[in-house]
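Have a look at the structure below, then the notes.
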């Protein structure tokens, strides 16, 4: 029998007085997948997370988390979810080890302290008071507490903010590992590389609405053009290039960039023109669209509407 989605959102709307923070959004998160909920600051991501975590009652629409209403029935899901907020409140004078011990008292079937420290690379900080931790080390402690109870579903709000590149990659590897073990994750992040590395599905929000949604590969393929960039000689400007159907050319000093949805045909036309006109193309690069390109395109369209 097919498992039910771990998260089901239908027509969710969240208002604060006259302000609509989340405006009629719908999506599902399937068991064992990572779903990235993206958007600029103020797009509605954190409000959506707050509703799903049971901290806010929806103004309209329906929400199910592990087949329960997270606001009315939070006690029924609390021991099966893990939550990592943007900013967690810690007792500053407790050590890292003491903090984990304190949280274990309120957690069903918790991991041991040593195991929790090892998972996030904080073994050497067990006796360090929380007030002396760096921002990245605090995020590691946040993650250790979020997975302390071996959750089935993880809510991660900007999980790697403040981490150095090596620690960020280590966190990605850990998260990918627990997903392979069956954990589902709803992720928000401003690191597009992080979302692209971890997520199976993505939804991009703008002004409270979901404007792009689907499997990661499809959203990228539909959402942005391939970029062909090169340097040409001083006499070669954009107006000398041939017309590339469905493409546009941008000029940035000595660098010319062609944005196209048909990279193979465009590249062939460019190389043919260069050979026929004895034009050298220096530093020629073809770069496929990325999630960051899609995100920036959405952000630019939002600014244009405003």
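In percent, what relative contact order does region 184-306 have, based on Cα pairs under 8 Å that are 6 or more apart in sequence? Let's see the in-between values first.
Details: 161 pairs, mean separation 36.8, N = 123.
Taking the mean separation of contacting Cα pairs over the length of region 184-306, I get 30 percent.
If you compute Cα Rg over 2.2 N^0.38 Å for the structure shown, which of (i) 1.12; (ii) 1.21; (iii) 1.04 do you land on?
(ii)
Over the chain, what is the mean sequence separation of C-alpha contacts under 8 Å (at least six apart), divided by residue count, expressed as relative contact order in percent?
On the way: 560 pairs, mean separation 58.0, N = 306.
After rounding, I find 19 percent.
Relative contact order (percent) for region 1-47, with alpha-carbon contacts under 8 angstrom and 6 or more residues of separation? It would help to have the intermediate numbers written out before the result.
On the way: 58 pairs, mean separation 16.6, N = 47.
Taking the mean separation of contacting Cα pairs over the length of region 1-47, I get 35 percent.
Within region 221-240, name every residue whose backbone N is under 13 Å away from a label modeled 7 Å from Cα of residue 250 along the Cβ vector.
224-230, by backbone N distance to the label point.
Between residue 288 and residue 222, what is the spin-label point distance in nm, taking each point 7 Å from the Cα along the Cα→C-beta axis?
Inter-label distance under the simple model: 1.8 nm.
Label residue 106 and residue 124 with points 7 Å out from Cα along Cα→Cβ: what is the distance between them in nm?
About 3.1 nm separates the two model spin labels.
Mind pulling the angle between the C-alpha long axis of helix 135-146 and the longest principal axis of the chain? Nearest 10 degrees, somewhere in 0 to 90.
That works out to roughly 60 degrees.
I need the peptides 152-163, 245-256 ranked by packing, meaning the mean over residues of other C-beta atoms within 10 angstrom, with the highest value on top. Don't skip to the end; give the middle numbers.
Values: 152-163: 20.9, 245-256: 13.0.
Averaged packing, sorted descending, gives the order 152-163, 245-256.
So, R0 is 22 Å and r is the distance between the beta-carbons of residue 169 and residue 86; what FRET efficiency does that work out to, to 0.05?
About 0.55, to the nearest 0.05.
Could you sort the peptides 185-197, 94-106, 13-25, 270-282 by per-residue average Cβ neighbour count (10 Å cutoff), highest mean leading? Each step should come with its number before you reach the end.
Values: 185-197: 20.0, 94-106: 17.2, 13-25: 15.3, 270-282: 13.2.
Order by mean packing, descending: 185-197, 94-106, 13-25, 270-282.
Would you give the gap between the C-alpha center of region 31-80 and the C-alpha center of region 213-277, rounded to a whole Å?
Computed from Cα coordinates, the inter-centre distance equals 42 Å.
Bear in mind that the values in this text are calculations on the coordinates, not laboratory data. No experiment lies behind these values; they were computed from the predicted model shown. Here the Cβ is made from the backbone with ideal geometry for all residues, glycine too, and neighbour counts use every protein chain on show.
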